[in-house]
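Every number in this text was worked out from the coordinates using simple rules, so none of it is lab data. Computed from a predicted model, the values in this text were never measured in an experiment. Ideal geometry is used to build each Cβ from the backbone, glycine not excepted, and the neighbour counts take in all protein chains shown.
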Amino acid sequence: MAPQGSSLRLYIDSANPDDWDTYLATGMFYGVTTNPKLLAKAGIEFKVDDLKKLAKTAFKLGANEIHLQIWGNEPEEMLENGKKLASIDPRVMVKVPINITGILLANQLISDGVNVTLTALHFAQQAITAVALGAKYAAPYLGRMSESGLDGLNEVTTMDRIITELESSLRLLVASIRSSEDLVTLASRGLNTFTLLPPIIHELMENELTDKAVKSFEAVIKQSVT
């Protein structure tokens, strides 16, 4: 469980329970996020029973939330799967892409009391859509925004400012973070909710200069006890 008394929420962006076991134990992370690519990489099928088992594993390991994305060939099937995901546990956040189909589905799910995370935001105006719908989270894809030629950092910062000015409880869950430097920049601007791939988590937890300092401490201790 993440430390109390802070607005910061960090998530592990992985569908691999081994990653959850490793990083949730640090106490740094509030929960886990997944997406279809991560689920496929982990060999997890898009079946409610399989995702239910996955969610139970996450909660057993200490996650406060897990974010699972809807799927289906038709809107009706997607809506039904979204409701089934929500019925697993109140701590399941149902991810819905923020396109026109997703907006219509999100509206129905939210009306039914489902906790919805709108995902794949790329433009600041989409934050207005997320606030208007009453979603619990909205996930902009920072790395993909920057790679497409947008100023991802400023676009995400504007989204956060919109949410703040509108006095919304919506949390901006920044995803697709490519470097710890981008994380530092956004955190210094007041953003407080991020999902991180294991390589970025590693950057937070490992540092060459810190390792050198620790080795120097250990050397002094060894000299003192010999």
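For 202, 67, the sequence from fewest to most other C-beta atoms within 10 Å is 202, 67.
Among 94, 184, 156, rank each residue by its count of other Cβ atoms within 10 Å, from fewest to most, as a rough exposure measure.
Listing 94, 184, 156 from fewest to most nearby Cβ atoms yields 184, 94, 156.
Subtracting the Cα-Cα distance from 0.36 nm times the residue separation, let me have the gained length for residue 76 to residue 46 in nm, one decimal.
Full extension of this stretch gives 9.2 nm more.
Distant-in-sequence amide contacts of residue 9, defined by a placed amide H-H separation under 5 Å and a gap of 5 or more residues or a different chain, comprise 193, 194. Over the residues of the chain, the helix contribution to mean residue ellipticity at 222 nm works out to -15500 deg cm²/dmol, using -39500 (n - 2.57) for each DSSP H run of at least 4. Given DSSP loops and a limit of at most 11 other Cβ atoms within 10 Å, what is the longest stretch of the chain that contains no such GluC sites (Glu not before Pro)? Excluding the exposed sites themselves, the longest stretch runs over 46-166. Per-residue Cβ neighbour counts within 10 Å put 33, 57 in the sequence 57, 33, beginning with the fewest.
List, in the order given, every pair from 47/95; 37/84; 83/136; 53/84; 60/83; 37/60 whose Cα-Cα distance in the structure shown is over 18 Å.
37/84; 60/83; 37/60
Out of the stretch 1-109, which trypsin sites (Lys or Arg not before Pro) are coil in DSSP terms and have no more than 13 other C-beta atoms within 10 Å? Here the sparse-neighbourhood loop sites are 47. Against the set [x] 33, 22, 15; [y] 31, 26, 15; [z] 33, 18, 16, the structure's computed semi-axes √(5λ) of the Cα gyration tensor in Å falls on [x].
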